Amino acid sequence: MTVQQAGGRRSRMDRWLSLNGWFVFAFLYLPILVVIVFSFSGASNVGIWGGFSLRWYRRMAGNEQLLATLENTLWVALWSTIVATVFGTAAALALDRYRKWVSRGTFDAILYMPVIIPDVTMAVMLLLWFTQIGLPLGRLSIVLAHIAFNISFVAIVVRARLAHMDSSMEEAAADLYASRWQTFRRVTLPLIMPGVLGGGLLALTLSLDDVVITSFVQGPGSTTLPVHVFGLIRRSVTPEINAVSTLMVTASMILVFASLAIQRRGQN
Amino acid sequence: MRRLLMLFAALALVATACGDSGSTTTQASGGTTGGTEAPATEPPATGIQASADACTLGETDGNLNLYNWPEYIPHGSLAEEAEVTDLLAAFEDQFEVSVVLTEFDSNETMLAQIDAGVGYDVVVPSDYMVSIMRSADLLVKLNPDAVPNLSNIAAEFTDLPYDPGNQYSAPYQWGTTGIGYAYGTIDDEAGVSWGVIFDPAMSAGNAGFISLLDDERETMGAALIYLGYSINSTDPAEVDAAAALIKETKDRLAAFTSVGYYDLLVSGEFVVSQGWNGDFLAAYDEASTDDYDAYEDFGYAIPTEGAAAWVDTIAVPSTVEHPCSAQTFINFILDGFNGGELTNYNYYASPNAAAEEFIYEEILEDPSIYPLPEVLERLEFFEDLGDFGTYYADAYSAAKS
Amino acid sequence: MTLTDERTEEVAVNPRLERAARRRESWRGFLHAVPAYVYLIVFFVLPLIVVFVFSFASRSRTGRPELENWNVDGWTRLTDELVRTIVTRSLFVAALNTVLCLIIGYQFAYWIATRRKQSTRTILLILVLIPFWSNFLVRTYAWRMLLDSDGYITQLGELTGLWGRTLFTLPAVFLGLLYGYLPFMVLPLYAAIERIDWSLVEAGRDLYASGTKAFMKITLPLSRPGIVAGSILVFIPSLGAYVTPDILGGAKTTLLGNFIVTQFGAARNWPFGSALSSAILMVMLLATILYFRSGARTV
């Protein structure tokens, strides 16, 4: 991948930032490299190289229970991310643009609380609440719980984008008799997109990784992958989980680069 | 902000009112929410108990919701790989009901879910959890007519303190908490002492390469045994002494960890570790290859002072929706052959006397799985300590702080 | 005075019309917030009341509190020395982690945000998160392997003579935390830095001559909302972090997150756990709101 410089002139500063950037990427991918390498190891102990083998991939492919938890995880992550991103973005826009109407203290408080509250406390209270209101526990209750914490994360990231943003473009669009939806679609959304994307990615990541809240609000048959793996600690975590992780990481990479390629072709 | 607080106050009152009536009116998923109120009159529990009592041998009343630890029952390709019977599939075939498996990651999560009224038919709680659930009316009494295989249970396991007479639970698997170690790093000629961890002189040579479990009861339990006390001590002075010992030992430890300690022992990061027998054996087994036998380098010992033993059980929670399928399943698991397959898969000892003839010889003859009779006497089971449990938790937190 | 207010004065030709239009806009804006707030009230605020009520209840065998015997034991225990020690330590860990994340994350986010092509920026941003779509536990296991006696990082340290085995030491704890929370810092920072008007920065360079000064006077204040949001998203969750510190640090100290989990788990002392959570919620909420306001008031 070639890196384009913002200023064209390659200053000392730019060089330092690039160096730091690639160093951070190395830091982020170092453990993943280990995970990928050991997913191809024939040995059962995590950490011992037992020669190249596809043993864990074969085992994973036949492990129905594991695949069921993976399916639950992806289903929950997808829906909770979509809903939380829409709700969170809308809330952030409302809070930033029309701050005078609402009592900001109260609204801010409600928005930050899910970030602040300890996982296990939120898990316990949601479990009691769901059973109290008669909601059957299962995938749906997990999605509802994930949305509850993800809305806040999305809203906070989007607000970081919105703070002091110039609204003249939107006003200009409105002056040109663009409809509200057109203004949003053509002007506002592109402006806040990096924030929405960041918030959405964060929501997806949080949902894919959550153990505590999910284990409390799950119902019959809705166990997710992280809960499965955490329960395995008591027995032993096999490199099979390395194989699943490798699959998820590479699948995401392929998706990202494929969508990039499609986008490029669309532009040309 | 003030408005928010007022809202809080008002809703708190509503919530309290709801909570008070909740225990009698909430029927979240067909279960009861016992526990918040004195169980003076609890018609739903009686109703479930009555239908459980009415079940006959082999009767089913719908699909089975099983709530178990992950990979704790041979199933699917894992059973195939281990060359044991897929017990869930066998049950489905024999009784023509399907099994929905849900997995939990700790006894406490499972307890919270059952206490909140989430419907499961069969759960797999550990010993101490059985006594907690029993005292909170969260378990249904087993009907011996529907579960005749209860008679297969070995005599040593029929009268344990957490459930005398196995009225509410049947033992599923059992094991010990002892010491896994690399040969040559400690003196094990006359048996292994807890001193290899707790005695400053004996452990000095291995300082920085020792690990303890990270668990209030297990970690404190080991210290209590070393000091000559019971793992179920309710004497604050004894518990304080154990906490002080742990605090003192901390400097010589590499870590408190219940996660992957067996792998770190095999890879040489630890040389002495407190842990569960099945974990160590599985790790040694898996580290062995065609030309390397890990059992030559690593061992497991139940210390001379004694050790904690644990039993995982299989029981019917009060939130059961299919009490007959549930009891039929328990009876199925208690069958001799099936119990044997469970052990052949898990490498934990079976409390099922009828299972012995089906268990691989090498497992039966392994003293770290099936302790010798004289060792058996040194084992002690965990009991729920009621309100004193918080004392352990606090002492342990303080010892580590 | 904020930018918005200034603009109001300039644009407002007819004050009354302007006000009416603004009110209409406000109403519409409020409607945007409705789904999120209704949702949070139903699935967060109402259940939260349960926690608050529980903090005054008494402990039962299952842990689920009994509502008959009201007391403030849970709250009075908050002043215990044990709680103070644990809170102080956790605050230190969270604060140091936030600073580390900020230092490394800022440069990193700045680098990504200044790539010229939009698609490059997007790709780099997604690449930051992809490692975190693997399983948490295997990632942490991988760190254990890198840091243990014959791990690559330890070998590197021994080769250069700078460090030895890092596993089960304090640096390992911070390495693990930095790894886990860096994205929480990078994403809001990126969102804030990416929209900076670079002509302002150019103008600043001309004005201040020194690049450092231009950065301090222009770029940094403009990216402040991102710094505020990022540090909150790192500080608060790392205050409750315990799994990574325990697995990589050897669990030789009790942290706040662990302590709370114990109350809801093994200790089955939900009233104390609830009081602890309620107290954290109140204190951190106040701090967060004040901090956010301070971030919003700049420029």
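The values are calculated or read from the model by the stated rules, or taken from the named source; none is laboratory data. This is a predicted model, so every value here is computed, not measured. No Cβ is skipped: glycine too gets one built from the backbone with ideal geometry, and neighbour counts run over all protein chains shown.
Let's see how each residue does on (1) at pLDDT 95 or above; (2) β-branched (Val, Ile, Thr); (3) in a loop (DSSP other than H, G, I, E, B); (4) within 24 Å of the chain's Cα centre (by Cα):
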| site | (1), (2), (3), (4) |
| --- | --- |
| B:Val259 | no, yes, yes, yes |
| B:Leu265 | no, no, no, yes |
| B:Gly268 | no, no, yes, no |
| B:Leu281 | no, no, no, yes |
| B:Asp285 | no, no, no, yes |
| B:Pro303 | yes, no, yes, yes |
| B:Cys324 | yes, no, no, no |
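What about C:Leu239, is it within 12 Å of chain B (Cβ to nearest Cβ) and at pLDDT 90 or above?
no
Please find, within region B:262-276, the residue that is surrounded by the fewest Cβ atoms within 10 Å (Cβ to Cβ) out of those that are out of contact with any Phe, Trp or Tyr (no Cβ under 6 Å at 6 or more places or on another chain) and in contact (Cβ under 8 Å) with a residue 24 or more places away in the chain.
Filtering region B:262-276 for residues that are out of contact with any Phe, Trp or Tyr (no Cβ under 6 Å at 6 or more places or on another chain) and in contact (Cβ under 8 Å) with a residue 24 or more places away in the chain, the one surrounded by the fewest Cβ atoms within 10 Å (Cβ to Cβ) comes out as B:Gly268.
What residue, among those in region B:55-99 that are among the aromatic types (Phe, Trp, Tyr) and assigned to a loop (DSSP other than H, G, I, E, B), is farthest from the chain's Cα centre (by Cα)?
Across region B:55-99, the extreme among qualifying residues is B:Tyr72.
So which of A:Thr81, A:Thr69 ends up being touching a Ser or Thr at 6+ places or on another chain (Cβ under 7 Å) and more than 8 Å from every other protein chain (Cβ to nearest Cβ)?
Residue meeting the stated conditions: A:Thr81.
Given the conditions (1) within 14 Å of chain A (Cβ to nearest Cβ); (2) surrounded by fewer than 23 Cβ atoms within 10 Å (Cβ to Cβ); (3) farther than 30 Å from A:Met122 by Cα, and given that B:Ile73 satisfies all but one, which numbered condition is not satisfied?
Only one criterion in (1) within 14 Å of chain A (Cβ to nearest Cβ); (2) surrounded by fewer than 23 Cβ atoms within 10 Å (Cβ to Cβ); (3) farther than 30 Å from A:Met122 by Cα is unmet by B:Ile73, namely (2).
On the given criteria, is C:Glu68 in a helix (DSSP H, G or I), modelled with pLDDT under 90, within 10 Å of another protein chain (Cβ to nearest Cβ) and at negative phi?
When the stated conditions are applied, C:Glu68 does not pass them.
Whether any residue in region B:357-374 is closer than 30 Å to B:Gln49 by Cα and either acidic (Asp, Glu) or modelled with pLDDT under 95 (or both) is what I want to check.
Within region B:357-374, none of the residues are closer than 30 Å to B:Gln49 by Cα and either acidic (Asp, Glu) or modelled with pLDDT under 95 (or both).
Of the residues in region A:116-134, how many are more than 14 Å from C:Arg64 (Cβ to Cβ) and either among the polar types (S, T, N, Q) or more than 10 Å from chain C (Cβ to nearest Cβ) (or both)?
1
Of the conditions (1) surrounded by 22 or more Cβ atoms within 10 Å (Cβ to Cβ); (2) more than 8 Å from chain A (Cβ to nearest Cβ); (3) hydrophobic (A, V, I, L, M, F, W, C), C:Ile112 clears all except one; give me its number.
(2)
If you go through region B:310-326 one residue at a time, do you hit one that is more than 30 Å from B:Ala50 (Cα to Cα) and in contact with a Gly (Cβ under 8 Å, 6 or more places away or on another chain)?
yes
Just to check your reading of the model, which residue among C:Arg165, C:Arg195, C:Arg139 is modelled with pLDDT under 90, out of contact with any Cys (no Cβ under 7 Å at 6 or more places or on another chain) and within 12 Å of chain A (Cβ to nearest Cβ)?
The conditions single out C:Arg195.
With closer than 30 Å to B:Ala243 by Cβ, in contact (Cβ under 8 Å) with a residue 12 or more places away in the chain, surrounded by 19 or more Cβ atoms within 10 Å (Cβ to Cβ) and out of contact with any Pro (no Cβ under 6 Å at 6 or more places or on another chain) as the only criterion, which of B:Val311, B:Val316, B:Val375, B:Val320 stands out?
When all the criteria are applied, what remains is B:Val375.
May I ask you to list the residues in region A:151-189 that are touching a residue at least 60 places away in the same chain (Cβ under 8 Å) and either in contact with a Cys (Cβ under 8 Å, 6 or more places away or on another chain) or over 24 Å from C:Ile232 (Cα atoms) (or both)?
Correct list: A:Ser167, A:Thr188.
Table: residues versus (1) within 14 Å of chain A (Cβ to nearest Cβ); (2) surrounded by 13 or more Cβ atoms within 10 Å (Cβ to Cβ); (3) assigned to a helix (DSSP H, G or I).
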{"site": "C:Glu18", "(1), (2), (3)": "yes, yes, yes"}
{"site": "C:Phe30", "(1), (2), (3)": "yes, yes, yes"}
{"site": "C:Phe43", "(1), (2), (3)": "yes, yes, yes"}
{"site": "C:Arg64", "(1), (2), (3)": "yes, yes, no"}
{"site": "C:Gly74", "(1), (2), (3)": "yes, yes, yes"}
{"site": "C:Arg77", "(1), (2), (3)": "no, yes, yes"}
{"site": "C:Tyr106", "(1), (2), (3)": "yes, yes, yes"}
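With the requirement that a residue be surrounded by fewer than 15 Cβ atoms within 10 Å (Cβ to Cβ) and not in a helix (DSSP H, G or I), what does region C:187-207 give you?
Residue satisfying the conditions is C:Asp197 alone.
Go over the candidates B:Thr328, B:Thr343 one by one and state the one that is in contact (Cβ under 8 Å) with a residue 12 or more places away in the chain, over 26 Å from B:Ala308 (Cβ atoms) and part of a helix (DSSP H, G or I).
On inspection, the qualifying residue turns out to be B:Thr328.
Within region A:56-76, count every residue that is without any contact (Cβ under 8 Å) to a residue 40 or more places away in the chain and over 27 Å from the mean Cα position of the chain (by Cα).
Total meeting the criteria: 2.
Pick from C:Phe174, C:Phe168, C:Phe184: which is in a loop (DSSP other than H, G, I, E, B) and in contact (Cβ under 8 Å) with a residue 60 or more places away in the chain?
The unique qualifying residue is C:Phe168.
In region B:82-94, which residues are within 20 Å of A:Thr69 (Cα to Cα) and surrounded by fewer than 18 Cβ atoms within 10 Å (Cβ to Cβ)?
Scanning region B:82-94 gives a single hit, B:Ala89.
Take the residues in region B:114-135 that are touching a Leu at 6+ places or on another chain (Cβ under 7 Å) and at the interface with another protein chain (Cβ under 7 Å from one of its Cβ atoms); name whichever of them is farthest from C:Arg61 (Cα to Cα).
My answer is B:Val118.
Looking at region C:208-255, which of the residues that are part of a helix (DSSP H, G or I) and of a type in the set (Ser, Thr, Tyr) is surrounded by the most Cβ atoms within 10 Å (Cβ to Cβ)?
Once the filter is applied, the top-ranked residue is C:Ser238.
On the given criteria, is A:Ser11 surrounded by fewer than 24 Cβ atoms within 10 Å (Cβ to Cβ) and at pLDDT below 90?
yes
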